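Trainee: Just dropping this structure here.
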Amino acid sequence: MVDTTTIAQRLAELRRKINFHNYRYYVLDDPAIGDAQYDRLMRDLRRLEEAHLELVTPDSPTQRVGAPPAAGFSQVQHRRPMLSLANAFTLEELQAWHRRVCNLLDTTEFGLACELKIDGLAVSLAYRNGVLEQGATRGDGAVGEDVTQNLRTVRSIPLSLQGEPPPYLEVRGEVYMPFESFRALNEERQERGETLFVNPRNSAAGGLRQLDPKMTAARNLQVWIWGLGDTAGYEPPPSHFQAMEWLQTLGLRTNPHSRLSPTLEEAYSYYQSWVERRHELPYQVDGVVIKVDSYAHQETLGVVGREPRWAIAFKFPAEQAVTRLLNIGINVGRTGSLNPYAVLEPVVVGGATVKQASLHNEEDIQRKGLRIGDWVTIERAGEVIPHVVRPEKERRTGQEREFRMPQNCPVCGTPVVKPEGEAMRRCPNASCPAQFFELLKHFVSKGAMDVDGLGEKWCETLIAQKLVKDVADLYYVNRNQLLELERTGDKLAAKIMASIAASKDRPLPRLVFGLGIFHVGSEVADLLAQRFPSLDELSQATSEQLMEIPGIGPKIAGSVTAYFQVSHNRRVIDKLRQAGVKMRQEAPQRPGTPGLPWQGLTFVITGTLGAMPRREAEARIKALGGSVTDSVTRKTSYLVAGESPGSKRDTAARLETPILDETAFLEMLSTGQAPQESRR
């Protein structure tokens, strides 16, 4: 008999350890163990929880992304209003604020807490008995939106507090996106042909308001806690600065650059130091918040409208400059996207000499009405590459030239394409030198052709030595060529040659995925290979035939047909065939023929299944011949609805798609019998 008390104790110990290491890593930025040790703890916890679902708790580290997408956000009434701040833009305005405070307090002897003003989204976090109960946006100050599930994905927000927290504790903070995450997000959006975010604040705000918590988790958001809200009668420390120190002992993340200044002069010095140093920070700040430190003094000063008298935001000066737009250049990204950028007459902005600036995409240029030769205003707000704000049209002479995107790739000369509904033009040549390194890494990766032993360094070497100019060349490299490379002996060369040879027999979906066709991930490759059992058949498919496959829309279909229309890509496929790479698999059985019972049926799973993880459910559907997609369409055969199914269930009902509850779904899995015919 299982001793549940012992198991519960083991679970509690694992959670305690993981929460401690999360605190060291995400709050203190001082990890105590390596990634491998941390991963081992998480694996142990997940394994034990999966075996004892009744012992899973909401504050477990495994539950950070555990909720299904929401249909919308409910409203939250703040126990105490989330106030806005008055702004000061000059020293004179700051001094005027300080004089008013001195007059109201009838003293000049009080401390000022100085904090960096993070450019993010204000949130409220409520903890009951040390466990995160609710998270909300500021909203209008009185009422915000319940974004609890999204905030649970922010790893610097503890799901449970350390030490001895009060029975109820509400804190306020700023959710933000670090520059590194912001750049990575925009690079991904650029490669997908999507509109770029203008600044980290916009992307953080958009991330926090995603209906699917998994989308929020992908933004890699962070938080700084900057204030106390309601404590339900518990007596907190007597001053703001002391309260922030106390919150840190509970495991909450407070900014280490905050300072307590006894005079306004010292507070101003703090501000001036960060005007110069703000670009050293890995996140965006737009000023300094100065607060009267004593809570008793804050109570005396009170609030005017929605602004406290006891605090002010001293904003940094705007970092803009005007210079001439000399030209518009084009970079080719790793997925073939043509990315325009501004070539500028050098100008100093925020202490840095700027020669280039972002233009995002062709539509951005047209929307702003930019012309080559224009005088333009540029802005630098922490991003590595500044962006062009606007042209100074009144300074035009008539000599300026309109910009036209190139019709051919500036690197390889291949005619570019612009898929319908996308902002980016693309080079469809997968072996274009500008994108080939990333393609080769992808081609040899485990999810694709799985060439064991060929990592990033080897890809660099093979390209640098001109042994591989397209992915097919990999199969024509010989042992003697490898032996001529530095630090390559007989044993290593033999191992690599064996790995290359073994990869020739990978299943067709792996090859389709490995080719790097835009919009074709591993699941889409599976769907394509089920319908077209050879690469030759797939290459000749029309967009209409592709869109007959459930889960394949016009964007994917257009991308696939465009890939096979490029002569260079067809030559690469011919070389792969001649090298002996497997390009055919047994044709899938069609509906109505003997074989797998669910062949030709398409399922969508929504909500939480109690009996098994979603991946296992998907695998079992595929084992019976069915396919699984993410979106409910008129081609969907069945929706499997678990707990909290969200909007997909509503869509299925509207489209009259048959809906299976978990009991019915499990019964069909156990019998292996085909479901009844769809009502459509």
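Trainee: (1) in a loop (DSSP other than H, G, I, E, B); (2) over 27 Å from the mean Cα position of the chain (by Cα); (3) not acidic (Asp, Glu): which one isn't true of VAL632, the others all being true?
Mentor: Checking VAL632 against (1) in a loop (DSSP other than H, G, I, E, B); (2) over 27 Å from the mean Cα position of the chain (by Cα); (3) not acidic (Asp, Glu), the one that fails is (2).
Trainee: Then there is this: Are any of the residues in region 604-621 modelled with pLDDT under 80, among the acidic types (Asp, Glu), under 30 Å from the mean Cα position of the chain (by Cα) and closer than 15 Å to LEU639 by Cα?
Mentor: yes
Trainee: Hey, among the residues in region 386-403 that are out of contact with any helix residue (DSSP H, G or I) (no Cβ under 9 Å at 6 or more places or on another chain) and part of a loop (DSSP other than H, G, I, E, B), which one's surrounded by the fewest Cβ atoms within 10 Å (Cβ to Cβ)?
Mentor: Among them, the one singled out is GLY398.
Trainee: Oh, and also: Just need a number here: residues in region 558-587 that are over 19 Å from PRO415 (Cα atoms) and not in a loop (DSSP other than H, G, I, E, B).
Mentor: Initial filter on region 558-587 (over 19 Å from PRO415 (Cα atoms)): 573-587.
Those still in the list that are not in a loop (DSSP other than H, G, I, E, B) too: 573-578, 584.
Total satisfying the criteria: 7.
Trainee: Can you pull out every residue in region 134-157 that is outside any strand (DSSP E or B) and either surrounded by 23 or more Cβ atoms within 10 Å (Cβ to Cβ) or under 20 Å from the mean Cα position of the chain (by Cα) (or both)? Steps first, please.
Mentor: Step one: list which residues in region 134-157 are outside any strand (DSSP E or B), which gives 138-142, 147-157.
Correct list: VAL147, THR148, GLN149, ASN150, LEU151, ARG152, THR153, VAL154, ARG155, SER156, ILE157.
Trainee: Hey, another quick one. Tell me which residues, restricted to region 195-254, are of a type in the set (S, T, N, Q) and either in a loop (DSSP other than H, G, I, E, B) or touching a strand residue (DSSP E or B) at 6+ places or on another chain (Cβ under 8 Å) (or both). Give the derivation first.
Mentor: Going through region 195-254, the residues of a type in the set (S, T, N, Q) turn out to be 195, 199, 202-203, 210, 216, 220, 222, 231, 239, 242, 248-249, 254.
Correct list: THR195, ASN199, GLN210, ASN220, GLN222, THR231, SER239, GLN248, THR254.
Trainee: PHE564 passes all but one of (1) surrounded by 20 or more Cβ atoms within 10 Å (Cβ to Cβ); (2) within 33 Å of the chain's Cα centre (by Cα); (3) over 19 Å from THR629 (Cβ atoms); (4) modelled with pLDDT of 90 or more; which number fails?
Mentor: The failed condition is (1).
Trainee: Take region 129-145 and flag every residue that is in contact (Cβ under 8 Å) with a residue 12 or more places away in the chain, charged (D, E, K, R) and farther than 20 Å from LEU252 by Cβ.
Mentor: Passing the criteria: only GLU145.
Trainee: Tell me, please, whether a residue that is at pLDDT below 80 and either among the hydrophobic types (A, V, I, L, M, F, W, C) or within 23 Å of LEU666 (Cα to Cα) (or both) can be found in region 582-590.
Mentor: yes
Trainee: Read through the list (1) within 24 Å of ALA113 (Cβ to Cβ); (2) buried (at least 16 other Cβ atoms within 10 Å of the Cβ); (3) hydrophobic (A, V, I, L, M, F, W, C), then give the number of the only condition that ALA232 fails.
Mentor: That leaves (2) as the condition not met.
Trainee: At pLDDT below 90, out of contact with any His (no Cβ under 8 Å at 6 or more places or on another chain), buried (at least 19 other Cβ atoms within 10 Å of the Cβ) and of a type in the set (S, T, N, Q), is that true of SER181? First the steps, then the outcome.
Mentor: Details: at pLDDT below 90: yes; out of contact with any His (no Cβ under 8 Å at 6 or more places or on another chain): yes; buried (at least 19 other Cβ atoms within 10 Å of the Cβ): yes; of a type in the set (S, T, N, Q): yes.
Here the answer is yes, as SER181 does meet what is asked.
Trainee: A further question on this structure: Answer yes or no as to whether LEU515 is in contact with a helix residue (DSSP H, G or I) (Cβ under 9 Å, 6 or more places away or on another chain), modelled with pLDDT of 90 or more and either of a type in the set (Ser, Thr, Tyr) or not assigned by TED's automatic domain parsing to the domain that holds THR657 (or both).
Mentor: Criteria met by LEU515.
The values are calculated or read from the model by the stated rules, or taken from the named source; none is laboratory data. Everything numeric in this text was worked out from a predicted model, so none of it was measured. When we count neighbours, we look across all protein chains shown, and the Cβ atoms used for this are built from the backbone with ideal geometry, even at glycine.
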